[in-house]
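This report refers to the structure that appears directly beneath it.
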Amino acid sequence: MIAVKKRVEESSGTPENFIDRFNVKTENKEIVGDGQKIIINNFDNKKLVEEEIMLDSKKYILSKTDTRGVIEYGNDYFVEISGYQENELIGQPHSIIRHPDMPKVVFKLLWQRIKSHENIIAVVKNRAKDGRYYWVITDFEIKIDKITNKVTGYFAYRKAAPREAIRKIEPLYAKLVEIEKVSGVDGSLKYLTALLESENKTYDQFIDEVTGRNSIMKIWFKAMKKFFS
Ligand SMILES: Cc1cc2nc3c(=O)[nH]c(=O)nc-3n(C[C@H](O)[C@H](O)[C@H](O)COP(=O)(O)O)c2cc1C
């Protein structure tokens with residue numbers, strides 16, 4: 001929590017006018033080991049290391065899941081970065097790499113969208129097996145059986161998130177997580193909705209801005225989908 005709080009304090013260019021509107025209680029995470037880097041989080045008792053894995057901007061992370069989000073396939077880079085063996089990932093829910101700094105509301109929106117057969121672009125912080133983290137921009141593709149018209153699964157395409165996108169989104173996520181501790185996902189959804197409304201933006205417009213509108217990223221995702229379809 002100390003690290004999160006520090007990040008919120010250090011951030012700039014964020015929607016600060018919203019950051020302190022809610023009076024949110026914070027909890028300290030227990031810091032162990034060298035007193036700096038290793039944290040046992042109270043979310044799922046898995047190890048967290050305050051160290052980022054820097055992704056190769058030329059590479060992509062791809063995974064495929066069934067309709068419940070159970071991993072069916074991961075490309076080599078996914079396996080490498082996650083730190084798991086391929087056979088430790090296949091058959092596991094995608095939340096195996098969930099980072100506790102990720103607000104639940106982002107996953108709620110994600111599932112709402114893909115279940116409605118719509119794409120969503122999300123900036124996601126993931127946790128590797130050793131507790132370190134990495135930031136990605138994720139774009140989804142819904143696989144539909146042409147004969148039955150039923151969803152058969154989902155693809156997630158990911159690239160390294162630009163530093164600017166992380167700088168902008170991290171304090172917002174920290175705030176959403178804090179709200180969720182007190183008011184659950186309903187609270188964070190309310191907060192996010194109020195934020196977007198006051199800025200007169202949809203979630204997609206907000207994400208476009210955060211990630212760089214008309215960015216090369218979108219062109220890349222389009223090309224990837226074409227390649228894998
Ligand atoms: C194709 C696909 C890819 C996903 N990728 C991730 C991911 O990289 N990291 C993550 O935390 N959740 C990912 N999710 C969302 C998870 O299924 C899950 O909703 C999330 O980790 C939150 O866990 P929970 O629903 O158990 O709270 C993905 C879901 C799908 C369908």
Loop-located GluC sites (Glu not before Pro) in the range 151-229 whose Cβ has at most 15 other Cβ within 10 Å (DSSP): GLU199
Toy charge model, Lys and Arg Cβ at +1, Asp and Glu Cβ at -1: the range 47-156 dipole around Cα centroid in debye, rounded to 20, equals 480
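Can you tell me which of 140-152, 116-128 comes out highest on packing, and rank the rest after it, using the mean Cβ neighbours within 10 Å?
Per-residue mean Cβ counts within 10 Å order the peptides as 116-128, 140-152.
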Checked against the positive end of the charge dipole of the range 83-229 (+1 on Cβ of Lys and Arg, -1 on Cβ of Asp and Glu, about the Cα centre), the farthest of ILE144, GLY187, ILE114 is ILE144
Arranged from highest to lowest average of other beta-carbon atoms within 10 Å per residue, in what order do the peptides 96-107, 59-70 appear? 96-107, 59-70
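Once you've got the Cα coordinates, tell me which of LYS59/LYS168; LYS150/LYS175; LYS159/LYS201; LYS181/LYS201 are over 31 Å apart. Numbers along the way, then the final one.
Working: LYS59/LYS168 23 Å; LYS150/LYS175 37 Å; LYS159/LYS201 24 Å; LYS181/LYS201 26 Å.
Those over the limit are LYS150/LYS175.
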Rounded to the nearest 20 debye, dipole of the range 107-187 from Cβ charges on Lys, Arg, Asp, Glu: 220
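Coordinate-derived values only; no laboratory data. Note that the structure is a prediction, hence the values are computed from the model and not measured. All Cβ positions, glycine included, derive from the backbone under ideal geometry; neighbour counts span all protein chains shown.
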